[in-house]
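Here's the structure, in C-alpha cells; my notes come after.
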Amino acid sequence: MAGRPIYNPASFKNVSVDGNVIGFSFEFKAQYYRSFTLSILRDIQLKVDGEEVKREDICITVNGDTFTLDECKTVVDPEYRWEFGEYATVTVKKEGGLAAGKHTIEGKQIIAPSYMPFQIEAPCNIEFEIK
C-alpha cells in the first residue's frame, strides 16, 4: 500500500562532484500535519531497487544547508524548519549513482514529536526514472 505522495518524481537525478558521480538525490515532502524542526526527525529509511540504503549514506538539505541524519537530532534552529508540504532534498551516497532507466524506491520518514508517546512513520513507494 502506498502512502501519501512524498516524492517529486521529476527530481530524481545523479549527483556529481568534480566530475565524479557520488550518488543520487531527490525531493522529499514533509509528511507531518505541521512544520517541524529537524531535531524531531528520527530517521529516513530507504530501499532502492530492493537494496537497503545505509543510514550513514543519507543526508538532507533544508533551506540550503545539508545535515546527516545524526546531525538532525541537534538542529533546533527555526531557520531549518521543514515546512508541511514543502520539499527537502535527500542525497544518497552511492559511488557511480544509479544507472539510467527505471528504478523503484521504498521510503519512510520517522519523526518523534515531544508531545507524542510514539514515533510517527510515513511510508511511500514510487517508480522513477534516471535519465
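The values are calculated or read from the model by the stated rules, or taken from the named source; none is laboratory data. Since the model is a prediction, treat every value here as computed from it, not as a measurement. Note that each Cβ is placed from the backbone with ideal geometry, even for glycine, and that neighbours are counted across all protein chains shown. Only protein heavy atoms, including side chains, enter the accessible area calculation; ligands, DNA and RNA are left aside. Shrake-Rupley method; radii C 1.70, N 1.55, O 1.52, S 1.80 Å.
Summary of computed values
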read-out	value
Test: Val90 is buried (at least 18 other Cβ atoms within 10 Å of the Cβ) and not in a strand (DSSP E or B)	no
Checking Thr37 against (1) of a type in the set (Ser, Thr, Tyr); (2) touching a residue at least 60 places away in the same chain (Cβ under 8 Å); (3) open to solvent by less than 30 Å² (accessible area, probe 1.4 Å); (4) in contact with a helix residue (DSSP H, G or I) (Cβ under 9 Å, 6 or more places away or on another chain), the condition it does not meet	(2)
Members of the range 40-58 found to be open to solvent by 20 Å² or more (accessible area, probe 1.4 Å) and in contact (Cβ under 8 Å) with a residue 12 or more places away in the chain, listed by number	Ile40, Arg42, Asp43, Gln45, Lys47, Asp49, Gly50, Val53, Arg55, Glu56, Asp57
Lone qualifier among Gly97, Gly107 - being part of a loop (DSSP other than H, G, I, E, B), open to solvent by less than 70 Å² (accessible area, probe 1.4 Å), under 17 Å from Phe128 (Cβ atoms) and touching a residue at least 40 places away in the same chain (Cβ under 8 Å)	Gly97
Pair list, Cβ < 8 Å and 6+ apart or interchain, from the range 7-24 residues that are closer than 15 Å to Cys59 by Cα to residues that are open to solvent by 20 Å² or more (accessible area, probe 1.4 Å) and of a type in the set (S, T, N, Q)	Val15/Thr91; Ile22/Ser16; Gly23/Asn14; Gly23/Thr91; Phe24/Asn14; Phe24/Thr91
Residue within the range 28-36 that is within 19 Å of Lys94 (Cα to Cα) and over 11 Å from the mean Cα position of the chain (by Cα) present	no
From Lys108, Lys102, Lys94, residue being of a type outside the set (A, V, I, L, M) and in contact with a Pro (Cβ under 7 Å, 6 or more places away or on another chain)	Lys108
Residue identified as free of Cβ contacts under 8 Å to residues at least 40 places away in the same chain, within 16 Å of Gln109 (Cβ to Cβ), aromatic (Phe, Trp, Tyr) and surrounded by 13 or more Cβ atoms within 10 Å (Cβ to Cβ) among Phe84, Phe67	Phe67
